[in-house]
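J.: Please read through the structure below; I'll follow up with questions.
The values are calculated or read from the model by the stated rules, or taken from the named source; none is laboratory data. Being a predicted model, the structure only gives us computed values, none of them experimental. For neighbour counting, all protein chains shown are included, and Cβ atoms are generated from backbone atoms with ideal geometry for every residue, glycine included. Ligands, DNA and RNA are excluded from the accessible area calculation, which covers all protein heavy atoms including side chains. Shrake-Rupley method; radii C 1.70, N 1.55, O 1.52, S 1.80 Å.
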Amino acid sequence: MKIGLALGGGGARGSAHIGVLMELERLGIRPSLITGTSIGGMIGALVAAGLDTAALITFFKQLTVGHIYGLPGGAAAISSNAKIEKLLHDTIGHDASRRIAFADLNIPLAVVTTDLVTRKEIILDEGDVVEAVLATIALPGIFPPLKRGKHILADGGLLNNVPFDVARARGATYIIAVSLSNTAPYGTPVEETTPPPDVISRALAFTQRRPTLQILSVINDIWSDVTLRTRLAISQPEILLRPDMGTISIFDTHRLEEGIQAGQQAVQEVEAKLLADLINS
């Protein structure tokens, strides 16, 4: 059995991926290959580079607004990606003279991007890993797109937010896919268990409770589900996890523990099937 792990996009909700990984580790399930979009591509790169779940938590705690957003972002975005690029290099890079390449990874990885020129999906699985991650997380208008050859690459979630089909195309015979768009209905009151750690994050969290931004978040989730259903109509993963993200928004990085718990619970709900499938493989 060649296990493929397909990690979907969803910004700060990516903490659920950590919970999923913790449970898979507990069950002794290790992916043979990883595919990811946006935050799923970032988490996938960290895992493929050798980070364990404890290191993932440490990394995620650094993803505060002050640590990842910086001005100016140029004409194409409101934020520079310089801070998050440095964080990635500090975490998985070798040194300034030799950046980590896909060939250096412990687990084969592919990340999904969208080419703004051709409007087609571009899958990255060779070359500079950090560069590929910066492309797949380049949410239009937030982070700048990445120029790579003749392509202008942005967030892969525009076309393929849960790339389980990419894992299948790369030889996975058993796929565990994780979608992060299972959220509370529009208008659900927000009850946070952990307050944002800094003034900027608290201000952003407050603005996200405004109806306009809540609507934008719902639209994002609807579109993510549309791209997922389109691909599910063609083929399906053996396991599709949809952690209950509740009211966690794509910017709520401070709600780390809630996201982890959601990911853990999603795996626990299918644990019997997972173990049965492994035994019978």
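J.: Out of (1) more than 27 Å from Arg119 (Cα to Cα); (2) more than 19 Å from the chain's Cα centre (by Cα), what's the single condition that is false for Ile176?
T.: Failing condition for Ile176: (2).
J.: Taking region 150-177, which residues are over 24 Å from Ala138 (Cα atoms) and buried (at least 24 other Cβ atoms within 10 Å of the Cβ)?
T.: Once the filter is applied, which keeps residues that are over 24 Å from Ala138 (Cα atoms) and buried (at least 24 other Cβ atoms within 10 Å of the Cβ), region 150-177 yields Ala172, Ile175, Ile176.
J.: Moving on. For the structure I just gave you, tell me whether Leu51 is assigned to a helix (DSSP H, G or I) and at pLDDT 95 or above.
T.: The answer is no for Leu51.
J.: Inspect all residues belonging to region 7-29 and state whether any of them is open to solvent by 30 Å² or more (accessible area, probe 1.4 Å) and over 16 Å from Gly263 (Cα atoms).
T.: Yes, region 7-29 contains a residue that is open to solvent by 30 Å² or more (accessible area, probe 1.4 Å) and over 16 Å from Gly263 (Cα atoms).
J.: Quickly run through region 146-166 and pick out the residues that are under 16 Å from the mean Cα position of the chain (by Cα) and either of a type in the set (Lys, Arg) or in a loop (DSSP other than H, G, I, E, B) (or both).
T.: Answer for region 146-166, where residues must be under 16 Å from the mean Cα position of the chain (by Cα) and either of a type in the set (Lys, Arg) or in a loop (DSSP other than H, G, I, E, B) (or both): Leu159, Asn160, Asn161, Val162, Pro163.
J.: Just one of Ser181, Ser201 is open to solvent by less than 100 Å² (accessible area, probe 1.4 Å), at pLDDT 75 or above and hydroxyl-bearing (Ser, Thr, Tyr); which is it? Let's see the steps before the verdict.
T.: Values: Ser201 fails: at pLDDT 75 or above.
So the residue among Ser181, Ser201 that is open to solvent by less than 100 Å² (accessible area, probe 1.4 Å), at pLDDT 75 or above and hydroxyl-bearing (Ser, Thr, Tyr) is Ser181.
J.: Okay, next question. Given the conditions (1) outside any helix (DSSP H, G or I); (2) within 23 Å of Ser181 (Cβ to Cβ); (3) touching an Asp or Glu at 6+ places or on another chain (Cβ under 9 Å), which single one is not true for Ile29?
T.: (2)
J.: Kindly indicate whether Thr253 is of a type in the set (Val, Ile, Thr) and part of a helix (DSSP H, G or I).
T.: It is false that Thr253 is of a type in the set (Val, Ile, Thr) and part of a helix (DSSP H, G or I).
J.: One residue is enough: does region 131-145 have a residue meeting the conditions without any contact (Cβ under 8 Å) to a residue 60 or more places away in the chain, surrounded by 19 or more Cβ atoms within 10 Å (Cβ to Cβ) and not in a loop (DSSP other than H, G, I, E, B)?
T.: Checking region 131-145: at least one residue is without any contact (Cβ under 8 Å) to a residue 60 or more places away in the chain, surrounded by 19 or more Cβ atoms within 10 Å (Cβ to Cβ) and not in a loop (DSSP other than H, G, I, E, B).
J.: Still on this structure, please answer the following. Could you pull out the residue among Arg119, Arg99 that is closer than 18 Å to Asn161 by Cβ and open to solvent by 60 Å² or more (accessible area, probe 1.4 Å)? First the steps, then the outcome.
T.: Working: Arg99 fails: closer than 18 Å to Asn161 by Cβ.
The match here is Arg119.
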